[in-house]
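Peer 1: Okay, here's the structure, questions in a sec.
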């Protein structure tokens, strides 16, 4: 997957987890938590959806890499490069 | 032949079991929910009698917030279960009241209205009450490791008027307290937020609408629900549940077992349990409920309150009654008085009072039926202090007792809020057996769903 595709995939996952949030003005370099109402249950779901959709494992120690859209892409790019 | 092994087996198709099943099946676990009854819902089920449809437990759903409200439990449930507000179709209440002799506290789904009401009726308690509200707001009631505190003691540090204390405890205890006299403070906070800070609502179709939405979702994500399929025992070997034996003699196996049957009830299914030791842990708080189907809505008789929590004595007593029923306090619910877009099909009024399981269970027929006939006018006598006389408009009456609740739900003593000691983490003495629902500690419909969700997340999905 390209970085752009990964970005789209994350947005798609967030829209499933939090359909009540407006994602059109998200800044990619700012923490998702600062822009959206996402709690720890929602972050667990981002991890779970990544596993369900792309068979990617994100260990709990790495949850910090999912802070912003940019950091998600940087962290996931090597894991998803062959998809 | 259905499969005999699952990743997770869930005992009970109530709100918590169905919610756990949705989470687990959505994330690709093989899941089977086993339900002894032919109807789903557990303590929040429904039934038909005399050509009418009735809900078992649902007066109102607590925790109502308007769609899109951030951070609220109801919003979390929609998200976690991938449901939408349309699935539940909730209509907010009109207005409810706590009524004690000579005084009333009204509340609706706007918390500020309740705060003003308390200040107006108890001006000397204004600052104390506002401090209590701040303390409640800041308290993390979802902390699974919090140690239990006496609610009466904590609240007494803030409020110095015993009447106000009783008026606040009355609805919170009646709607969700498993222990007599006192209430654990975390539980008090859960109930305070869910009833006063958030609010009451109901689907026009009653609890069926919610159960239908959950069952449809379980099916949609690939989970299995087997009805009329009771669990006879959990075979224990080496600190684990090795097999689940059904009433039919069939045997199933699973990596993990969730049980919403109640803690004591679940332990009694385990082949390694000592039934004697469990008796002191049983829950005891149960209720009778009288439901009248009316030929016109209560509103037409001049009564527009949704729910009245009443108390006729000097003090409020929350305890197992010595007699069959304690009609001195209770709940009067008019399911018509929610803000529905069109009126509900059959107007009703529901009357609920504390009751003694032991006393009802000891009655043989026909004394059991006769006791209902004797208590009905005594209950009416109390509730008619608060509502217009509806008796001439009653077209059908049902009266269920703690014995009925035990019969249909399997919960010992018909204890609708389970055992007083809650297991917040859901863990048991067995590695792969977890408790969800009432005895995990989140009560009510929303609480039960949150319980199923959190136990599924904690014990299976996070692994």
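The values are calculated or read from the model by the stated rules, or taken from the named source; none is laboratory data. Keep in mind that what you see is a predicted model, and the values were worked out from it rather than measured. Backbone-built Cβ (ideal geometry, glycine too); neighbour counts: all protein chains shown.
Peer 1: Suppose we filter B:215, B:204, B:208, B:219 for residues that are within 30 Å of residue B:420 (Cα to Cα) and surrounded by fewer than 19 Cβ atoms within 10 Å (Cβ to Cβ); which single one remains?
Peer 2: Every option except B:208 fails the conditions.
Peer 1: Scan the stretch A:63-82 and report the pairs whose first residue is free of Cβ contacts under 8 Å to residues at least 40 places away in the same chain and whose second residue is surrounded by 19 or more Cβ atoms within 10 Å (Cβ to Cβ) and not in a helix (DSSP H, G or I), with Cβ atoms within less than 9 Å and a gap of 6+ or a chain change.
Peer 2: These pairs meet every condition: A:65/A:58; A:66/A:58; A:75/A:58; A:79/A:58.
Peer 1: If residue A:64 satisfies every condition in (1) away from chain B (no Cβ under 11 Å); (2) surrounded by fewer than 14 Cβ atoms within 10 Å (Cβ to Cβ); (3) closer than 26 Å to residue B:74 by Cβ but one, which is the exception?
Peer 2: The number of the failed condition is (3).
Peer 1: Going through the stretch B:195-212 one residue at a time, which ones are in a helix (DSSP H, G or I) and in contact with a strand residue (DSSP E or B) (Cβ under 7 Å, 6 or more places away or on another chain)?
Peer 2: B:196, B:207, B:208, B:209, B:210, B:211
Peer 1: Also: Tell me whether the stretch B:361-370 contains one or more residues that are surrounded by 16 or more Cβ atoms within 10 Å (Cβ to Cβ) and over 23 Å from residue B:395 (Cβ atoms).
Peer 2: yes
Peer 1: Identify the single condition in (1) within 12 Å of another protein chain (Cβ to nearest Cβ); (2) in a helix (DSSP H, G or I); (3) exposed (fewer than 13 other Cβ atoms within 10 Å of the Cβ) that residue A:4 does not satisfy, given that it satisfies every other one.
Peer 2: So the condition that residue A:4 fails would be (1).
Peer 1: Which condition from (1) crowded, with 20+ Cβ neighbours inside 10 Å; (2) within 28 Å of residue B:228 (Cβ to Cβ); (3) touching a helix residue (DSSP H, G or I) at 6+ places or on another chain (Cβ under 7 Å) is the one that residue B:28 breaks?
Peer 2: Every listed condition holds for residue B:28 apart from (1).
Peer 1: For residue B:136, state whether it is over 21 Å from the mean Cα position of the chain (by Cα) and under 21 Å from residue B:96 (Cβ atoms).
Peer 2: Taking the combined requirement at face value, the residue satisfies it.
Peer 1: Would you confirm, using the coordinates I've provided, whether residue B:192 is more than 30 Å from residue B:28 (Cβ to Cβ), crowded, with 21+ Cβ neighbours inside 10 Å, modelled with pLDDT of 95 or more and out of contact with any strand residue (DSSP E or B) (no Cβ under 9 Å at 6 or more places or on another chain)?
Peer 2: Criteria met by residue B:192.
Peer 1: While we're here: Answer with yes or no whether residue B:402 is modelled with pLDDT of 95 or more and away from every other protein chain (no Cβ under 14 Å).
Peer 2: yes
Peer 1: So which residues in the stretch B:270-307 are in contact with a helix residue (DSSP H, G or I) (Cβ under 6 Å, 6 or more places away or on another chain) and in a helix (DSSP H, G or I), if there are any at all?
Peer 2: Within the stretch B:270-307, B:275, B:278, B:281 meet the criteria.
Peer 1: Please give the strands (runs of 3 or more DSSP E) falling wholly within the stretch B:213-253 in which 3 or more residues are on the phi < 0 side of the Ramachandran plot and out of contact with any helix residue (DSSP H, G or I) (no Cβ under 7 Å at 6 or more places or on another chain).
Peer 2: Correct list: B:231-237, B:240-246.
Peer 1: If you take the residues in the stretch A:34-44 that are more than 8 Å from chain B (Cβ to nearest Cβ) and closer than 12 Å to residue A:17 by Cβ, which one is nearest to the chain's Cα centre (by Cα)?
Peer 2: So in the stretch A:34-44, the residues more than 8 Å from chain B (Cβ to nearest Cβ) come out as A:34-36, A:38, A:40, A:43.
Now narrow it down to the ones that are closer than 12 Å to residue A:17 by Cβ: A:36, A:38, A:43.
Working: A:36: 12, A:38: 12, A:43: 8 Å.
That would be A:43.
Peer 1: Something else about it: So, residue A:47, is that one within 14 Å of chain B (Cβ to nearest Cβ), farther than 20 Å from residue B:79 by Cα and either at pLDDT 95 or above or surrounded by 15 or more Cβ atoms within 10 Å (Cβ to Cβ) (or both) or not?
Peer 2: In short, no.
Peer 1: A further question follows. Could you say whether any residue in the stretch B:262-269 is in contact with a helix residue (DSSP H, G or I) (Cβ under 6 Å, 6 or more places away or on another chain), in a loop (DSSP other than H, G, I, E, B) and crowded, with 23+ Cβ neighbours inside 10 Å?
Peer 2: yes
Peer 1: Hey, which of the helices (runs of 4 or more DSSP H) in the stretch B:1-114, taking only ones fully inside, have at least 2 residues that are away from chain A (no Cβ under 14 Å)?
Peer 2: B:15-26
Peer 1: Which one of A:14, A:10 is within 14 Å of another protein chain (Cβ to nearest Cβ), surrounded by 14 or more Cβ atoms within 10 Å (Cβ to Cβ) and under 17 Å from residue B:79 (Cβ atoms)?
Peer 2: Of the residues listed, the single one that is within 14 Å of another protein chain (Cβ to nearest Cβ), surrounded by 14 or more Cβ atoms within 10 Å (Cβ to Cβ) and under 17 Å from residue B:79 (Cβ atoms) is A:14.
Peer 1: Restricting the search to the stretch B:72-105, which residues are in contact (Cβ under 8 Å) with a residue 24 or more places away in the chain and more than 30 Å from residue B:456 (Cα to Cα)?
Peer 2: Selection gives B:93, B:94, B:95, B:96, B:97, B:98, B:99, B:100, B:101, B:103, B:105.
Peer 1: Considering only residues that are within 14 Å of another protein chain (Cβ to nearest Cβ) and surrounded by fewer than 24 Cβ atoms within 10 Å (Cβ to Cβ), which ones fall in the stretch B:421-463?
Peer 2: The answer is B:457, B:458, B:459, B:460, B:461, B:462, B:463.
Peer 1: Here's a follow-up. Can you report the number of residues in the stretch B:359-386 which are in contact with a helix residue (DSSP H, G or I) (Cβ under 7 Å, 6 or more places away or on another chain) and within 19 Å of residue B:308 (Cα to Cα)?
Peer 2: 1
Peer 1: Confirm whether residue B:310 is in contact with a helix residue (DSSP H, G or I) (Cβ under 6 Å, 6 or more places away or on another chain) and modelled with pLDDT of 95 or more.
Peer 2: Considered against the rule, which asks whether it is in contact with a helix residue (DSSP H, G or I) (Cβ under 6 Å, 6 or more places away or on another chain) and modelled with pLDDT of 95 or more, residue B:310 comes out as no.
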